[in-house]
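Taken together, the values in this text are just the output of simple stated rules run on the coordinates, not laboratory data. Every value quoted in this text rests on a predicted model; they were computed, and no experiment measured them. Here the Cβ positions follow ideal geometry from the backbone for every residue, glycine too, while neighbour counts run over all protein chains shown.
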Amino acid sequence: MASTLIVLAIIMGAVVFWLVRQTLNVQPWAEEGLVGQHHAGGPFSISSAKIGLIVFLAVASSLFSLFVSAYFQRMDFGDWTVAPEPVVLWLNTVLLIFSSIFFQRARNAAIKNRAGGVKSNLMIAGLFTFAFIGGQLWAWQVLHNNGYILSSNPANAFFYLLTAAHALHILGGLWVWSKTVFKLQNKVEVYKVCTAVELCAIYWHFLLLVWLVLFALLLST
Amino acid sequence: MAIAIVIILLVIGSVIFHFMSPWYFTELASNWGDMDNTVTITFIVCGLVFVLANLFMAYCIIKFRNKDKDQRAAYEPENKKLEIWLTIITSVGVVAMLAPGLVVWAKFVSPPEDANIVEAVGQQWQWSFRLPGKDGRLGTVDSRKISIDNPFGMNADDPYGQDDVLITTNELHIPLNQPVKFNLRSKDVLHNFTVPQFRVKMDLVPGMITWQWLTPTRIGTYEILCEELCGIGHHTMRGKVVVEEEEQYQAWLAEQKTYAQHAAAPQGDAHAGKALYQVCASCHGLEGEGNPALNSPKISGQESWYVKRQLEYFKHGIRGTNPEDTYGAQMAPMAATLIDESAINNVSAYIASLPDKPAAQTIKGDIDNGKDLYETCSKCHGRQAEGKWSVNAPRIAGMSDWYLLTQLKNFKHGLRGAHPGDVTGRQMESMVLSLNEEKMQDIIAYINSL
Amino acid sequence: MAHVALADKGQDLAHPKTWIGAYVWSQDHKVIGIQYIIVATAVGLVALALSAMMRLQLGFPGIFDLIQPNEYYSAVTMHGMIMVVFMLTAFFLGGFGNLLIPLMCGARDMAFPYMNMLSFWVYLASVLVLCSSFFVPGGATGAGWTLYPPQAITEGSAGSGMGIILMLVSLALFIVAFTMGGLNYVTTAFQARTRGMTLMRMPLSVWGIIMATILGLLAFPALLVAAIMMLLDATLGTSFFMPAISDLGEVSSTSGGTPILFQHLFWFFGHPEVYIVALPMFGIASDLISTHARKNIFGYRMMVWALIAIGGLSFIVWAHHMYVSGMNPYFGFFFATTTLIIAVPTAIKVYNWVLTLWHGNIHLNVPMLFAIGFIFTFIHGGITGLFLGNVAVDVPLSDTYFVIGHFHMVMGVSPFLIVFGGMYHWYPKFTGRMLNDTMGKIHFWVTFLGTYAIYLPMHYIGILGVPRRYFAYGTTLSFPDSVQVINASITIAALIVGTAQLLFIFNIIWSLFNGKKADSNPWRATTLEWQTPDTPPKHGNWGPELPVVYRWAYSYSVPGADEDFIPQNEVPSENSKHEVET
């Protein structure tokens, strides 16, 4: 469970750091009246939606680190035989990097309030993502055709499980993406989708990071 | 106010209950008296906290309860000094409990080098045991090799395994005052090897060998309980450990068979059994079809291991000795005519070779209700009531249904299965606990419909 | 400087137009909280009925032939899982969390009201899926609430087919629901606190609920991972947890897996889960005690730090549930130490509750009775935890009735007393009527004394060695007949306690129509939820203006003040500046 504990320690550390910054050591009974710069709307200059997303990313980090912990623990047992990683995974990694880049460009455009830039970048990012999903399916196909089926070895089972869990998260992101594209298609003004685009960008960067970790794990073991 | 008095009474009552209750540790029979001591230390520390904290609370309630309208509470946000002292005292108490505990645990994790090895094997819902034999080494095993002929899953070509002593009953003997390390192995699911008098316990985990060690210090017979939920027969998974002097132990050990002896034991000969069967045929019929008029059940179609075991039970007075079990009592002298094990093997083999025609159905009941009730039975006797060797459960479909009803009633009322030697019959005792006669008929009606 | 409250600007509250919109598809946190409470109570009653059936079997084996062994084990499993997850977790976080967080923080609603509504409906779906497993072939799963493989998915257990699959699916749904709710609670407490509500001015109820939510958000994924992997083992023949076994005589197709891995994942969730229930309980207990003792909570800062410390530590104690599981026995040293360390902050909380009573002005109202009863049961359950957390002490007691007695005291009776106390306390705010006092007192006394009569003897038959999860003890060499006698008396006590809960349900319904009318702050409490312009609060909670907070949540009996409480949002007047001790 070491990898999970590290991730959780980082998350907990962040929480505690933030709490301490919030003057956890004041004597609240000693002060009366309005204190701090704090006002309704929260201590952050960022939106609730972004906070919600960040909290969700902590949850997802916990989830993936637990998968990784389970992977390491199960790996120690004698019957573990790794299947060769399909080459297409390298291509998929590049595709996901590109989709992340284009999400970032869409976000930048949204902040600058450029309608055209948002839409085109968003579309390209989405296409790359779909290509990534397709590529992952292809990798499954390759493994399956070579006889590395789910139940034949725990290493295969973990391969399918980890990629599926990652892909499901991406599909969840694509749902938000499709709603945003739909809105832009209906000529909704850019500032109204700005948050959604920004959140998508953060989410995609996170999922890219998760994929890089998972891919490194699969390659190195 | 009442609440304060009640809390005081509860504290006093709990302390009295602690000292007066008839339920406390069973008499120790191993070297783990240290565990009892750590429990005692914990009781002292925790008991003090329990008494002091609650009495102080009760005092506060009495003293500071609202008595008149103008009463005001003190304003006291915190008291650093008091809080620090309380933290320190608590930490001291915690260390007082933890340190001895860790010392005892350090002893547990290092079993003595010279401990005798005993393998305890768990399966749904029985115990069996394996001793390493003269070479002092257990042979290798493989769960995938487990079958009716090789219930331990022994690797036949492992030389170390040949002299392993296999104990297929649920009764293990160990010599007094000699440390013993139990290697624990499970064939199927999690189990737990517990003897309350020994204090230690450990889970059996399929796919790995776990262990625990102890030195038995008191002569006696103790019950092994499974304490890890292992399916619907969990509560019936019992065994026995007999702690005895070295001499008696050696005598017992000499009677046990090794793996090689088990493997070489002759199979039953149906041809030779045919002659012996003539005695049986007078009641059970030439083809073992049974005769309700004589209260003789159908026996054809039953597997030989079951017939064999029942014949042995009848022969050795384990079954059919209860005076109320009149039909069982008739069977006992008949089984006694089979002079030895090979005779029993042969006649069982012959019975298994008889043609199997379904018995006439005589019992009616609510099949739907029977189906629900049969869910429990199906775990051992099979979805088709075909019987399962691994759990010693006989086939019950297509057999004499009136006999089935009689036996269910016998189990329920202690006419069968109450003898300590009837290990498998005893398991039925609690399984039929919640069945009344109507439910029994429903179940049998359902079995008839299979 | 004039603040424009962002929370006001940002939140478009969807005001419902129809009855269904207001009470069924509602996005109002108060309605959702009540919906959570109703469903959790309903499913809790199912679990209560299951326990009655188990007790009848154990107390009077062979006399009440209500259940067969397979049904008994299903009942054991479902009772445990329902009470821990679907009742207590849902009640504290979904119920009290929804009701209290926005009101106590001074927000108009949760940060994401729509997601909040979805959270409830997914929770309801998870409950329905769970309950449907009673009716599938083979019945509900009988693997124990810990769902250990292999037995959970092999033929020898009750409900090893559809039963376990539905259980896992239901848990997955619950986790989705919890995550949606949890994101809301955390974001709301971070973002939507009203002006002046600094962290250290928050009532401990909010602290407890928020810390529990953070624990839940990080810990529930472990259960999800375990559930997904077991689902694959059960349906697609993978070997994550499944070694090669001989399943009732038939060699399995699986090999190499390790059941211990499941246990690690399960308890990595399972132990924080204990605190997911305990932290809100701590928080609410603190507020009940402070309010009804008319005194500030003693050592507020210590209480907050203890909550955070307990939350953090709860992630490194999980394997104390596995001392006899066959894991590497050397782990025992580490986990015994961490487990006993966690006792220190927990003990401090207990001291501070009792010290709050010291020099207080204790009003023995019904919520206070429950809170005091809670302190007693929690001390009892807490110290028996020290037995089980200490590895060498745990070994003889593990898997016996001592464990049953312990966790029912600490995680059954204690949280329920606080649930009841909280209901008696906040009922007037959300209905405008008081709960009936006489019925409340009867309910308290029967529950408090009855549960002690149930669980105290269990500890002792546990020390004797009586194992848990036994359908019947049958002929045994191990225990005297007196065990059966005490089992029968436990059953009688349990049935009486169970019946008393029906009185509570009756009280809730009866008082809705006949209860004494409550004013907006019947307990004269300081926290914001009592200062709403309307009782019950309307959608949006605060009328045109959000409250502004000037002081912490525990200004009770402040020297020099006219009243013995000063609401958090009362404007401090220059000429009557209260003396504030530092």
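Okay, here's what the table says:
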| item | result |
| --- | --- |
| Cα-projected label distance for A:F182 with B:I5, points at 7 Å along beta-carbon direction, nm | 6.9 |
| Residue among B:I12, B:I344, B:I318 with the largest mean-square fluctuation in a Gaussian network model of chain B, springs linking Cα atoms under 10 Å | B:I12 |
| Candidates B:P175, B:P355, B:P111, ranked by Gaussian network fluctuation over chain B, Cα under 10 Å, top entry | B:P355 |
| Magnitude of the charge dipole, the stretch B:394-450, Cβ model with Lys/Arg +1 and Asp/Glu -1, debye to 20 | 140 |
| Kyte-Doolittle mean at least 0.5 and Cα axial length at least 24 Å: DSSP H helices in chain B | B:2-20, B:33-64, B:80-108 |
| Flagged links, alpha-carbon separation over 25 Å, of B:K298/B:K371; C:K441/C:K538; B:K67/C:K538; B:K107/B:K145; B:K201/B:K409; B:K274/B:K298 | C:K441/C:K538; B:K67/C:K538; B:K107/B:K145; B:K201/B:K409 |
| Placed amide H near C:G159: partners under 5 Å, 5+ positions off or other chain | C:G142 |
| Max mean-square fluctuation residue, GNM over chain B, Cα-Cα springs under 10 Å, options B:M399, B:M154, B:M57 | B:M57 |
| Electrostatic dipole magnitude of the protein assembly as shown [Cβ: Lys, Arg +1; Asp, Glu -1; Cα centre; debye, to 20] | 3860 |
| Rg [Å, one decimal], Dmax [Å, integer] - chain A, C-alpha atoms | 21.2, 72 |
| Of B:G231, B:Q250, B:W213, farthest towards positive along the dipole that unit charges on Lys, Arg, Asp, Glu beta carbons give the stretch B:116-264 | B:G231 |
| Reduced Cα scattering model of the stretch B:116-264, Debye log10 I(q)/I(0), q = 0.12, 0.14, 0.16 Å⁻¹ | -0.46, -0.63, -0.84 |
| Separation in nanometres of the label points that stand 7 Å from Cα toward Cβ, at C:F334 and A:W175 | 3.8 |
| Cubic angstrom per residue, convex hull over Cα atoms of chain C | 160 |
| Against the rule of thumb 2.2 N^0.38 Å, how large the Cα Rg of the stretch B:25-99 comes out | 1.70 |
| Average beta-carbon neighbours from other chains, 10 Å sphere, peptide B:51-60 | 5 |
| Amide hydrogen neighbours beyond the local backbone of B:E228, cut-off 5 Å, H modeled | B:N192 |
| Two-decimal ratio, the stretch B:270-449, of alpha-carbon radius of gyration to 2.2 N^0.38 Å | 0.98 |
| Reachable aspartates and glutamates, given that their alpha-carbon falls under 19 Å from the alpha-carbon of A:K112 and they are not under 8 places away in the same chain | A:E189, A:E198 |
| Amide H within-cut-off set for B:I174, under 5 Å, with H built and near neighbours excluded | B:V242, B:V243, B:E244 |
| Kyte-Doolittle mean at least -1.0 and Cα axial length at least 30 Å: DSSP H helices in chain C | C:29-59, C:162-191, C:204-236, C:259-292, C:331-357, C:366-389, C:437-464, C:482-514 |
| Globularity ratio of the stretch C:1-155, using Cα Rg and 2.2 N^0.38 Å | 1.37 |
| For the protein assembly as shown, calculated [θ]222 nm from helices alone, where every DSSP H run of n ≥ 4 adds -39500 (n - 2.57) | -19000 deg cm²/dmol |
| Amide N of the stretch C:419-456 lying under 19 Å from the label point, which is placed 7 angstrom from the Cα of B:M20 along Cα→Cβ | C:449-450, C:452-456 |
| Rg/Rh for chain B, where both radii come from Cα atoms and Rh is the Kirkwood radius | 1.11 |
| Percent of Cα pairs exceeding the 22 Å cut-off, where the set is the stretch B:79-187 | 51 |
| Percent of Cα pairs exceeding the 49 Å cut-off, where the set is the protein assembly as shown | 36 |
| Among A:G13, A:N146, C:F64 the positive-end extreme of the charge dipole of the protein assembly as shown (Cβ point charges) | A:G13 |
